[in-house]
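Student: This is the structure I want to talk about, given as structure tokens.
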Amino acid sequence: MKKIFRASLLSAMVGMGAIGAHTAAIADDVKWPTRPVQVVVIANPGGDTDFNARMMAKYFNEITGKTMVVTNVAGGGGTLAAEQVKGAAADGNTILFTHPGQMIVNEVAGLTEDSYETFDISCIAGVDKSAVFVASKQSGVTSMKDLIEKSKANPGSLTYGTEMGNFSHVQGLQLEKLSGAKLKMVDGGTVSDRVVGMLGGRLDLGAMSYGAVQDYVSGGQMVALGQPNAERNPLIPDVPTLKEQGLDITLDKPYIVAFPKGTDPAIVKKMADIMKQITEKPAYAEDLKKFKQPVAYFNTEDSKEILAKTRDDFMQFKDALRQGK
């Protein structure tokens, strides 16, 4: 039987019978924002998560006339940022900008007892469709077939840079499970840390957004091996999907907007409505192209359903993730 792993937002919605248009209702007339809003990002500046948060902030400022201040709190696989927001006043003035690495994988990996239900989910502000598996030039790996053959011939000889127990760890485990490859999982830190590690020859492989490595792929320092999408992202048409190479892996990474538990539902809803307005702006779509990312948006209820389904999908990797702690 052909092995398949799909954790795409589309498949999640189909699996719950929730495909269909959801008409966004206008949030109650709540006086928010009334002062600058802090958005706490789980990653360092320069990566895909930070980029998406800053694009949200840019257009939030334009739409509301109020400032959204981006604060980067990296470390602990996103747990430091999550703890900061969790302990903040539930007044609508502090927002967590995160993804399933912190919101779901950390719980599955046993790094935290918190789950997505610890927060008030507002919306999914975007979806990373630009993730690619990449190899450093020094590794000698030139294709996904080459990677599999080398790792099977000499198990553990290729180092895969990840944040142990985080989203990129799941990506590596999926690749091993479906391909039969055996990689040496190394904690390489954040995206920017892993890029440095690959350029310096300490890491052979990684999975990250194309926008973070596109200059190095173009310059020949890295090779893009494949993208885990059901079909090629039209913004990176030259990178084949893993499915085209016999590995039916589909994995989306949504960017999640969440508030401290107990925040006024009208504020949570208004933020979701503002984000929807942002995604309808042509200039926003143009900005996302810098990271080879198409526009995407899911409202509050759809986001909660997607996160629940994603959590169920990731539970199959519970033991492996906990071994890597």
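Student: Relative contact order for the range 28-76: what percent, with Cα pairs under 8 Å and sequence separation of 6 or more?
Tutor: About 48 percent, as a whole number.
Student: Let me ask something else. Quote the FRET efficiency, to the nearest 0.05, computed for residue 276 versus residue 231 with a Förster distance R0 of 35 Å and r equal to the Cβ-Cβ distance.
Tutor: Numbers: r = 25 Å, r/R0 = 0.71.
With R0 = 35 Å, the Cβ-Cβ based efficiency is 0.90.
Student: Would you work out the charge dipole size for the chain about its Cα centre, treating the Cβ of every Lys and Arg as +1 and the Cβ of every Asp and Glu as -1, and quote it to the nearest 20 debye? Write down the numbers at each step before the final one.
Tutor: Working: 36 positive and 37 negative charges, 135 e Å.
It comes to approximately 640 debye.
Student: So, one more: Give me 192, 151 ranked fewest to most by other Cβ atoms within 10 Å of their Cβ, as a rough exposure proxy.
Tutor: Working: 192 17, 151 24.
Taking fewest neighbouring Cβ atoms as first place, the list is 192, 151.
Student: Something else now. For the chain, what's the relative contact order in percent, using C-alpha pairs closer than 8 Å and at least 6 residues apart? Display every interim value, and only then the final one.
Tutor: On the way: 660 pairs, mean separation 93.5, N = 325.
Relative contact order comes out at 29 percent.
Student: Taking only Cα atoms, what is the 0 to 90° angle, nearest 10, from helix 48-64's long axis to the longest principal axis of the chain?
Tutor: For helix 48-64, the angle is close to 20 degrees.
Student: Just order 115-123, 280-288, 314-322 by mean Cβ neighbour count inside 10 Å, highest at the front, would you? Don't jump to the answer; show the numbers that get you there.
Tutor: Values: 115-123: 21.0, 280-288: 13.9, 314-322: 16.3.
Averaged packing, sorted descending, gives the order 115-123, 314-322, 280-288.
Student: Still on this structure: Could you give the dipole magnitude of the range 174-325 about its Cα centre, charging the beta-carbon of Lys and Arg +1 and that of Asp and Glu -1, in debye to the nearest 20?
Tutor: Values: 22 positive and 21 negative charges, 83 e Å.
Charge dipole, the range 174-325, about its Cα centre: 400 debye, nearest 20.
Student: Between residue 117 and residue 218, what is the spin-label point distance in nm, taking each point 7 Å from the Cα along the Cα→C-beta axis?
Tutor: So the two model labels end up 4.6 nm from each other.
Student: Report the FRET efficiency, 1/(1 + (r/R0)^6), for residue 238 and residue 35, where r is their Cβ-Cβ distance and R0 is 51 Å, rounded to 0.05.
Tutor: On the way: r = 46 Å, r/R0 = 0.90.
Plugging the Cβ-Cβ distance into 1/(1 + (r/R0)^6) gives 0.65.
Student: Only Cα pairs under 8 Å and at least 6 apart count here; give the relative contact order of the range 137-250 as a rounded whole percent. All intermediate terms of the calculation are to be shown ahead of the outcome.
Tutor: Numbers: 162 pairs, mean separation 30.4, N = 114.
Computed over the range 137-250, the figure is 27 percent.
Student: I need the shape label for the range 207-323. Rule: rounded when a/c is under 1.5, else prolate if a/b > b/c, else oblate, with a, b, c from the alpha carbon gyration tensor.
Tutor: On the way: a/c = 2.30, a/b = 1.33, b/c = 1.73.
It is oblate, given that a/c is not under 1.5 and a/b is not larger than b/c.
Student: Another question, then. Highest mean first, how do 228-237, 40-49 rank when packing is the count of other Cβ atoms within 10 Å averaged over residues? Walk me through the numbers on the way to the answer.
Tutor: Numbers: 228-237: 16.5, 40-49: 23.1.
Answer by packing, highest mean first, reads 40-49, 228-237.
Student: Compare the Cα positions of 242, 256, 267 along the charge dipole of the range 234-284 (+1 at Cβ of Lys, Arg; -1 at Cβ of Asp, Glu; about the Cα centre) and return the one farthest towards the positive end.
Tutor: Projecting each Cα onto the dipole axis, the largest value belongs to 267.
Student: How large is the dipole of the range 137-250 about the Cα centre if only Lys and Arg carry +1 and Asp and Glu carry -1, each at its Cβ, rounded to the nearest 20 debye?
Tutor: 280
Student: Give me, ordered by chain and number, the residues 5 or more places off residue 46 or on other chains with an amide H under 5 Å from its own placed amide H.
Tutor: 51
Student: A follow-up question, please. With n ≥ 4 as the cut-off for DSSP H runs, can you work out [θ] at 222 nm for the chain, using -39500 (n - 2.57) per run divided by the number of residues, rounded to the nearest 500? Don't skip to the answer; put the middle values down first.
Tutor: Numbers: 11 runs with 116 residues, N = 325.
Taking each H run of at least 4 residues, the total per residue is -10500 deg cm²/dmol.
Only the coordinates and a few stated rules stand behind these numbers; no lab work does. Just so we're clear, the structure is a prediction, and the values are computed from it rather than from any experiment. Every residue, glycine as well, gets a Cβ built from its backbone with ideal geometry; the counts of neighbours run over all protein chains shown.
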